[in-house]
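Before any comments, here is the structure.
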Amino acid sequence: MIAFLRSAFVLFAVVLVTAPLFAHHGRGASYDNGKIETIQGTVSEWAWRNPHCALYVDVKGPDGKVVNWGFESQNVSSLSRLGMNRLSFQPGQELTIKFNPSRGGAPVGVIRKVYDIKGKELLSFGGPIDQ
Amino acid sequence: MSLITVVVLGLLFSAVAFGQTKSRQQQPAAGTAAGKFDPHDLSGFWEGPPPGQRPAEDARPPFTPAGKEAMSKRMPVYISRSARGGENPGCRSSTCSNDPIYVCNPVGFPRHVWEENEPIEFVYTPGRILQLFQWGRTIRELWMDGRKLPTGQNLESLGPSWYGISVAEWQGDTLVVNTTGFDERAWPDQYGHPLSFDARIEERYRRIDANTIEGRMTIFDPKNYTGPWVYTVKTATPQVRLFKRMAPDEVNYFGWKGLFSGITEAMCAPMNEVEDFNKRIRDRAIFGDK
């Protein structure tokens, strides 16, 4: 229940404060919003800038090959209101990310939730995840 | 479900409902003592309706041959419903569109005011009213000192600009703004309609209560259109755009009040948007890695 309320509050807060900013960056054609995938990796870069902040993560596949994934989040103003800042993620930090995958099949996505190595939720956007 | 759960959920959804209409409700209603307002005072922070309320193309008068030719060169992401299946197929992506805003060119007028829902501040100075826009840290000057809208050689000497040249005057309680001198490369809307250099756009702003400015806009561009084009959207008041006063906490960022308080710097910088975000994230999301 607490997790639900927290997610709902975050959704409410983001809806409240983000509407006026960067309205021209709709995501509908770019990502499959009905699908959520999970990945684990190591932060290579936290790009704290508009139009949308982006988290880059090195992910090691079953064959041992490392692929750099890029995940977009919200704009600086919205994330600031959620308590985030330019130091929220550090290179070398291990994370688990739940995301909407891209429609084009490239290793990019939209962040829905981010957890640290102990399972603590660090960022949430878009309400509760049911899958 | 426990009683506590029901109460908490009730409070939560009440809060959400309140939040959605907060900026509309926080200010006192017109007609009350506290809701009195000066109809000639448009100062303060305002924002237009949500992005879904974009001008409907159905109201557009037919193109002239020149207008049709100009439109054929535009490749918009958005194709209006009435134009679907026509000669211009559009392009459904920012990467193949030639909409100038996707590579950080200025949004321009009238698009910045009449299509986007970015926050606007009206500022009064002697002889001018300024419109400040959060997006792009942009400014527009509405000259109130009695000068006339430039025409002919005077207009040619001044030349085109992304936001044009604007003069304004009060007609009763309505602020009437006329603008001309447009850069023909700017798109007046997301559909890529043409707008000629010496077209004239008339805006009429009227404050209808303490929290609302009613706006009307008409495009006069005989080079591209066979008649005046009245701003029209598919709403209950189709020829009116309502600008709502922003609540105090919507323009207060960690104690810094205003549109340009650091983190609200809503600029389209090519280094960020084109070279970084689009190439590394968004283009790959649409087209994949090739």
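The values are calculated or read from the model by the stated rules, or taken from the named source; none is laboratory data. Since the model is a prediction, treat every value here as computed from it, not as a measurement. FYI the Cβ positions are ideal-geometry reconstructions off the backbone, even for glycines, and counts take in every protein chain you see. These area figures cover heavy atoms from the full protein model, side chains too; ligands, DNA and RNA do not enter into them. Shrake-Rupley method; radii C 1.70, N 1.55, O 1.52, S 1.80 Å.
The mean number of Cβ atoms from other chains found within 10 Å of a Cβ in peptide B:140-151 is 0, as a whole number. When each of the peptides A:59-70, B:275-286 is scored by the mean number of other C-beta atoms lying within 10 Å of its residues, the order from highest to lowest reads B:275-286, A:59-70. Is the shape of segment B:165-211 rounded, prolate or oblate, going by the alpha carbon gyration tensor and its root eigenvalues a ≥ b ≥ c, with a/c under 1.5 for rounded and a/b larger than b/c for prolate? Because a/c hits 1.5 or more and a/b fails to exceed b/c, segment B:165-211 counts as oblate. Please work out whether segment B:94-243 counts as rounded, prolate or oblate from its C-alpha gyration tensor, where a ≥ b ≥ c are the square roots of the eigenvalues and a/c under 1.5 means rounded, while otherwise a/b larger than b/c means prolate and anything else oblate? Rounded is the answer for segment B:94-243, as its axis ratio a/c remains below 1.5. Distance between Cα centroids, segment B:241-290 to segment B:106-138: provide it in whole Å. Computed from Cα coordinates, the inter-centre distance equals 16 Å. If you take the square roots of the eigenvalues of the alpha-carbon gyration tensor of segment B:103-162 and sort them as a ≥ b ≥ c, do you get rounded (a/c under 1.5), prolate (a/b over b/c) or oblate? The shape class here is oblate.
In the context of the full set of protein chains, residues of segment B:129-177 present 49 Å² of accessible surface per residue (probe radius 1.4 Å, heavy atoms only).
Note on A:101-108: average number of Cβ atoms from other chains within 10 Å of each residue's Cβ is 6. Shielding by partners for peptide B:270-282, expressed as the average number of C-beta atoms from other protein chains within 10 Å of each residue's C-beta, is 5. Of the peptides B:99-112, B:147-160, the ranking by mean beta-carbon count within 10 Å, highest at the top, reads B:99-112, B:147-160.
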